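Notes to accompany the following structure.
The values are calculated or read from the model by the stated rules, or taken from the named source; none is laboratory data. What you see is a predicted model; the values in this text were computed from it and never measured. Ideal geometry is used to build each Cβ from the backbone, glycine not excepted, and the neighbour counts take in all protein chains shown.
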Protein chains: 2
Amino acid sequence: MPTLAPSDLAFVPFVSVANMMRLIHRIGLREMLVGLAGYIEADFLRWDAFDKTPRIAAHAPEGVIELMPVSDGRCYGFKYVNGHPKNTRTGRQTVTAFGLLAELGNGYPVLLSEMTLLTALRTAATSALVARHLAPKGADTMALIGNGAQSEFQALALQALCGITKLRLYDIDPRATEKVMRNLSGQGFEMIACPSAEAAIVGAHIITTCTADKNHATILSENMVGAGVHLNAIGGDCPGKTELAPAILARADVFVEYPPQTRIEGEIQQMPEDFPVTEIWQVIAGRAPGRRDAAQITLFDGVGFAIEDFSALRYLRDQLPGTDFCEKLDLLADPDDPRDLFGMLARAQ
Amino acid sequence: MPTLAPSDLAFVPFVSVANMMRLIHRIGLREMLVGLAGYIEADFLRWDAFDKTPRIAAHAPEGVIELMPVSDGRCYGFKYVNGHPKNTRTGRQTVTAFGLLAELGNGYPVLLSEMTLLTALRTAATSALVARHLAPKGADTMALIGNGAQSEFQALALQALCGITKLRLYDIDPRATEKVMRNLSGQGFEMIACPSAEAAIVGAHIITTCTADKNHATILSENMVGAGVHLNAIGGDCPGKTELAPAILARADVFVEYPPQTRIEGEIQQMPEDFPVTEIWQVIAGRAPGRRDAAQITLFDGVGFAIEDFSALRYLRDQLPGTDFCEKLDLLADPDDPRDLFGMLARAQ
């Protein structure tokens, strides 16, 4: 006897923004950053297991919408993400995102989630995971250039995973720097607001650039970067958007997530196609050297890769059982008889 | 003063399966099929305005998950869809889908919707739109081979748009045929259950094949197809999945949606790469001939293209104002100050 009520198969667990915030507070932001870094590391260690593709972008003069799919042969994930630097003028986020995890064997989604917050967390967790392998020994000071939506998460991840305790802050808008200092007060940082990028990097062991302008900006010029630092460049992440002078790239050893994507989107879009880079997973897996000496300039040209989102969604899914942090979304038509979609519709009348 | 309540920008209108069914009944299924065909036709007529890409597929032995993005420069849409023929064994749908429409200029989603039902409707509407241009004059009889989830929608669309009143039904499982006859009773069809595909096509002006097996099946062999018919082949829609003998393709004039995709997924994957095809939008726009004479065999090698989903989502969006057919989904993080994602999170504690 056909029933009208949808079966459990029809419903997809959904984590809203409100529930994501509850979850982060329940777990603790630092703990979650550490947990995410662990999942990302585990997936980087099985890099070859993934069916990888550069993200699929739709460009407009104002920005870009991207789909980032990836699969490990059992599980499938994708993220929808936009990047629109001028959005803040209309009160919108520069970057918003949501993502989905599905079973590859039957194609059914098993999780839909907000990913604006989760992306900020996984980006920071990735930066910290990478810095743990590339930053100079004893690094405790980070310059944070660009004090927008990503910056606090970067600071806390580098604190939790790499021992950063001093922040040297700069943004072209001093109010952004004030915001970071307000948000991070009482979090165990010594913070200094600097009048320029050049001032911010004085004495810094790690330099994080995360600015939002969509153009070939030169946040750092060649003579500003001294020996021995680790550059964590996460703001150059789409065609036409870079932050560093090419001469810095030429002096540094450059580490990337997925070269076919980074050569299009990252800082190295400014360099020849055969510019040498090292895949960061190789360093994490012990297959390629990371930092070789104290004088070396290392550069993580981070653009954000689909596997990191996949790891983040896996992490999220594993936190949900036994909690009320997800709703059930009536997303999939699921008739009693799979061949009788029409009958389900007819009976709903 | 920052508030805790999310702003309107944070919410994405969401059409659930239950609301899609309510909407279809409110509008009327035939009226909706006609409406969808109108939107698809309008978008086919501005074909060059679209930024097109073949769908992005993740393959497993059991099936495929695909993303189908497209943009007209102002609006962006994508569909998530799976195809897993063996899903019915575990009570799941072979094909499920959902989709999203966004503003390309700011990247914010404006509609998220179930698309399992909507895909069945748009596929049927596309078949009917195409048949209106290619079917022989006075066609009133359709063979429907494969009586699964798509079949009733195909029948009703071809009835509403092309005047089909007689159905000759065949499926390897007689219960599927019984299901169609039960579902379509009282809908103005004369229906005959046939013992074989060969029997089903006797006297048919239009032959629709929509079977689900993922292999190179030969639903129709060469000597079965006589002169003058229109073939509406919608079941051959991914690599390794075809329904027609190559010799039929060689005898027919073949019309397709988007050649780069159809050559990979459609019936013509069996043919050489330079096998001649006509883009169906050219026929609809009057730029290429459709049916030239009564003896010609025309074949629509339909695989489903992203523009059709885009049209369907546009249609859906235009039906929603003033109704309660959508919910508000808390999908986008939207802090008061776009640069203060962290502050929004902190205040939620």
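Restricting attention to region B:300-349, the residues that are under 30 Å from A:Met32 (Cα atoms) and away from chain A (no Cβ under 13 Å) total 0. Return yes when A:Ala124 is modelled with pLDDT of 95 or more, over 27 Å from B:His59 (Cβ atoms) and either among the hydroxyl-bearing types (Ser, Thr, Tyr) or surrounded by fewer than 24 Cβ atoms within 10 Å (Cβ to Cβ) (or both) and no when it is not. For A:Ala124, the condition - modelled with pLDDT of 95 or more, over 27 Å from B:His59 (Cβ atoms) and either among the hydroxyl-bearing types (Ser, Thr, Tyr) or surrounded by fewer than 24 Cβ atoms within 10 Å (Cβ to Cβ) (or both) - is not met.
For region B:197-214, state whether one or more residues are under 17 Å from the mean Cα position of the chain (by Cα) and of a type in the set (Lys, Arg). The answer is no; no qualifying residue exists.
Could we say that A:Val81 is closer than 29 Å to A:Arg132 by Cα, outside the structural domain of A:Arg263 (by TED's automatic domain parsing), buried (at least 19 other Cβ atoms within 10 Å of the Cβ) and not charged (D, E, K, R) here?
So A:Val81 fits the description; yes.
Might you check whether a residue that is out of contact with any Pro (no Cβ under 9 Å at 6 or more places or on another chain), at negative phi, of a type in the set (D, E, K, R) and touching a residue at least 24 places away in the same chain (Cβ under 8 Å) occurs anywhere in region A:219-226? Looking through region A:219-226, none of the residues is out of contact with any Pro (no Cβ under 9 Å at 6 or more places or on another chain), at negative phi, of a type in the set (D, E, K, R) and touching a residue at least 24 places away in the same chain (Cβ under 8 Å). Of all residues in region B:45-71, those that are more than 17 Å from the chain's Cα centre (by Cα) and within 10 Å of another protein chain (Cβ to nearest Cβ) total 8. Take region A:10-34 and flag every residue that is outside any helix (DSSP H, G or I), facing chain B (nearest Cβ under 9 Å) and not polar (S, T, N, Q). Across region A:10-34, the qualifying residues are A:Val12, A:Phe14.
The residues of region A:102-157 that are facing chain B (nearest Cβ under 9 Å), of a type outside the set (S, T, N, Q), part of a helix (DSSP H, G or I) and within 28 Å of A:Ser196 (Cα to Cα), listed by number, are A:Ala120, A:Glu152, A:Phe153, A:Leu156. Restricted to strands (runs of 3 or more DSSP E) entirely inside region B:35-101, those with at least 2 residues that are at pLDDT 95 or above and closer than 25 Å to B:Leu331 by Cβ are B:63-71, B:75-83.
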